[in-house]
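Down below is the structure, laid out as structure tokens.
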Amino acid sequence: MTSPDWHPPAASGPLDATVTLPGSKSLTNRYLVLAALASGTSRLRRPLRSRDTELMAQALRQLGAGVDDATSSANALASPDWLVTPATLRGGRAIDCGLAGTVMRFLPPVAALADSPVTFDGDEHARVRPMAATIDALRDLGVDVDDGGTGTLPFVVTGGGSVGGGRVVVDASASSQFVSALLLAGSRFEEGITVVHEGEQLPSLPHIEMTVETLRDAGAEVDDCEPHTWRVEPGELLPLDVTVEPDLSNAAPFLAAAVVAGGTVVVPDWPQHTTQAGDRIRDVLDQMGAEVRLDAHTLTVIGDGSPHGVDIDLSDAAELTPVVAALAGCADGPSIIRGVGHIRGHETDRIAALSRELGALGVEVTEREDGLRIDPQPLRPATFHTYADHRMVMAGAVMSVAAPGTVIEDPGTVAKTVPDFVGLWESMIGTSAP
Ligand SMILES: O=C(O)C1=C[C@@H](OP(=O)(O)O)[C@@H](O)[C@H](O)C1
Ligand SMILES: C=C(OP(=O)(O)O)C(=O)O
């Protein structure tokens with residue numbers, strides 16, 4: 001069911017806002033998986049509560065783990081902590097992946113450890129997302145996967161209680177998540193896991209680094225010395241007590257708003273060290289002419305209302321593409337975004353969707369095999385369609401700053417990662433002064 005159209009308010013002048021972002025999707029869902037495979041109860045502080053993470057929590061419960069709310073003593077206003085209690089994994093369940101890449105990729109290797117078959121399915125849009133690398137890798141490891149020959153959801157994983165593990169070759173050109181998935185479960189395989197990527201490209205590498213770092217946080221022995229090869233030794237995972245960083249990719253549309261409207265947007269709790277790919281937004285905004293300052297734990301972005309065009313490779317932070325493309329559509333010159341061909345397999349074909357929707361607002365967009373060329377033109381408001389893609393809602397919101405009157409279709413889809421996006425956005429725009 002789609003949600004009613006959203007009419008984002010127009011900014012009446014420069015912004016002066018502080019925006020506190022919810023937790024990182026990628027970190028929350030990695031911690032949940034590792035905690036469910038650990039040797040004792042874990043505490044996740046300030047986890048993201050959104051559709052993707054609730055789906056992960058629910059799936060792990062179905063596999064036998066306990067995932068329970070616990071009030072956070074540190075900050076009663078923050079989302080409740082999650083206490084995760086591992087248990088012997090059980091099958092015989094049907095898991096709903098929604099449209100979450102992290103659920104559909106990370107959980108099949110976990111389900112292979114369960115004692116009976118586990119069925120995976122998801123949204124209509126999920127059924128066209130690439131899954132073959134996960135399915136083939138599991139089969140190479142001796143796990144039975146019945147996908148009816150499609151290479152996509154739905155499928156049934158039958159592992160029989162244990163996985164031998166060993167060396168497996170995957171082509172992760174379509175998603176880094178294929179590598180992360182095998183590594184996350186790999187320490188529980190009898191021989192651990194060695195994953196070798198062989199393929200044309202490896203997008204979103206920081207996300208694999210995040211997987212390696214979170215595994216090490218849980219005490220796993222991981223060797224990533226050799227390019228495109230990762231080894232996780234078999235062994236116990238330790239319980240975690242972690243605080244989830246804010247989601248830096250989800251900060252991007254708010255920071256971009258300062259660049260388009262002019263003024264200042266501040267994001268508290270920005271980490272000094274992070275494996276989040278979204279941290280790349282600092283460099284992108286700097287290249288587009290914004291003043292970007294990271295002091296202690298606060299990121300400040302100051303814009304003058306006139307972003308510059310850029311020629312930029314976003315292969316390591318592909319999830320930023322929709323917001324950066326929107327910013328480029330409001331810029332003072334042309335832009336090229338390179339290295340992101342694989343985002344045709346994200347929540348929707350993002351290259352086609354951005355081309356169509358920016359085009360409807362007047363921007364000249366050329367689809368390239370590996371990205372987009374964007375030539376800004378005078379903008380006109382229009383309805384911005386969102387294709388069940390949370391980041392299309394974010395891109396549309398950025399465009400609405402430069403093209404007031406723009407209407408966002410199905411804004412509710414943003415609940416995939418930021419359920420309160422509309423509220424946060426409207427509060428931020430409300431700080432604009434004539
Ligand atoms: O592992 C993760 O948490 C993610 C990996 C990336 O996927 P791709 O490698 O498919 O780009 C990223 O775009 C996605 O939003 C989250
Ligand atoms: C690609 C994304 O999500 P997923 O984790 O579903 O792949 C995204 O959030 O931009």
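Of all residues assigned to the range 266-287, at least one qualifies as being under 18 Å from the mean Cα position of the chain (by Cα), more than 16 Å from ligand 1 (Cβ to nearest atom) and open to solvent by less than 10 Å² (accessible area, probe 1.4 Å). Selection of the range 143-175 for residues being open to solvent by 20 Å² or more (accessible area, probe 1.4 Å) and part of a strand (DSSP E or B) yields Asp144, Asp146, Val156, Thr158, Arg167, Val169. Could you list, in sequence order, the residues of the range 39-64 that are more than 17 Å from Asn250 (Cα to Cα) and open to solvent by less than 10 Å² (accessible area, probe 1.4 Å)? Within the range 39-64, Ser42, Leu44, Met56, Ala57, Ala59, Leu60, Leu63 qualify.
Restricting to the range 382-434, what's the tally of residues that are free of Cβ contacts under 8 Å to residues at least 40 places away in the same chain and outside any helix (DSSP H, G or I)? Going through the range 382-434 one residue at a time, the tally reaches 4.
Of all residues in the range 80-96, those being touching a Ser or Thr at 6+ places or on another chain (Cβ under 9 Å) and either open to solvent by less than 40 Å² (accessible area, probe 1.4 Å) or within 30 Å of Thr2 (Cα to Cα) (or both) number 9. Yes or no: Leu99 within 13 Å of ligand 2 (Cβ to nearest atom), touching a Lys or Arg at 6+ places or on another chain (Cβ under 7 Å) and either open to solvent by 30 Å² or more (accessible area, probe 1.4 Å) or part of a loop (DSSP other than H, G, I, E, B) (or both)? Considered against the rule, which asks whether it is within 13 Å of ligand 2 (Cβ to nearest atom), touching a Lys or Arg at 6+ places or on another chain (Cβ under 7 Å) and either open to solvent by 30 Å² or more (accessible area, probe 1.4 Å) or part of a loop (DSSP other than H, G, I, E, B) (or both), Leu99 comes out as yes. Applying the criterion of being part of a loop (DSSP other than H, G, I, E, B) and farther than 22 Å from Ser50 by Cα to the residues of the range 102-131, the residue that is nearest to ligand 1 (Cβ to nearest atom) is Pro130.
With respect to the conditions (1) modelled with pLDDT of 95 or more; (2) more than 23 Å from the chain's Cα centre (by Cα), Ala296 lacks only one, and its number is (1). Considering only residues that are out of contact with any Leu (no Cβ under 8 Å at 6 or more places or on another chain) and within 14 Å of ligand 2 (Cβ to nearest atom), look in the range 108-130 and name the one that is most open to solvent (accessible area, probe 1.4 Å). Among residues in the range 108-130 that are out of contact with any Leu (no Cβ under 8 Å at 6 or more places or on another chain) and within 14 Å of ligand 2 (Cβ to nearest atom), the one most open to solvent (accessible area, probe 1.4 Å) is Val128. Scan the range 210-220 and tell me whether some residue there is of a type in the set (Val, Ile, Thr), at negative phi and touching an Asp or Glu at 6+ places or on another chain (Cβ under 8 Å). Among the residues of the range 210-220, at least one is of a type in the set (Val, Ile, Thr), at negative phi and touching an Asp or Glu at 6+ places or on another chain (Cβ under 8 Å), which makes the answer yes. Taken over the range 325-352, the residue count meeting the criterion of being within 16 Å of ligand 2 (Cβ to nearest atom) and either assigned to a strand (DSSP E or B) or closer than 23 Å to Ala172 by Cβ (or both) is 15. In the range 383-402, of all residues being surrounded by fewer than 22 Cβ atoms within 10 Å (Cβ to Cβ) and away from ligand 2 (no atom under 16 Å from the Cβ), the one that is farthest from Thr431 (Cα to Cα) corresponds to His385.
Across the range 273-293, the qualifying residues are those that are outside any helix (DSSP H, G or I) and touching a residue at least 40 places away in the same chain (Cβ under 8 Å), and the one among them that is farthest from His207 (Cα to Cα) is Met288.
No other residue among Asp286, Asp279 is at pLDDT 95 or above and either more than 16 Å from ligand 2 (Cβ to nearest atom) or among the aliphatic types (A, V, I, L, M) (or both) apart from Asp286.
For the range 291-330, the set of residues classified as open to solvent by 40 Å² or more (accessible area, probe 1.4 Å), closer than 14 Å to Phe254 by Cα and within 16 Å of ligand 1 (Cβ to nearest atom) is empty.
Of all residues in the range 294-314, those that are charged (D, E, K, R) have Cβ atoms under 7 Å from Cβ atoms of residues that are open to solvent by 70 Å² or more (accessible area, probe 1.4 Å) and outside any loop (DSSP other than H, G, I, E, B), 6 or more apart or on another chain, in Asp313/Arg338. In the range 214-251, the residue that is most open to solvent (accessible area, probe 1.4 Å) out of those that are more than 16 Å from ligand 2 (Cβ to nearest atom) and within 17 Å of Gly23 (Cα to Cα) is Asp241. Within the range 176-203, the set of residues being in contact (Cβ under 8 Å) with a residue 60 or more places away in the chain, open to solvent by 10 Å² or more (accessible area, probe 1.4 Å) and in a loop (DSSP other than H, G, I, E, B) comprises Arg188, Gln201.
The values are calculated or read from the model by the stated rules, or taken from the named source; none is laboratory data. What you see is a predicted model; the values in this text were computed from it and never measured. All Cβ positions, even for glycine, are placed from backbone atoms using ideal geometry, and neighbour counts span all protein chains on display. For accessibility, only protein heavy atoms count, side chains too; no ligands or nucleic acids. Shrake-Rupley method; radii C 1.70, N 1.55, O 1.52, S 1.80 Å.
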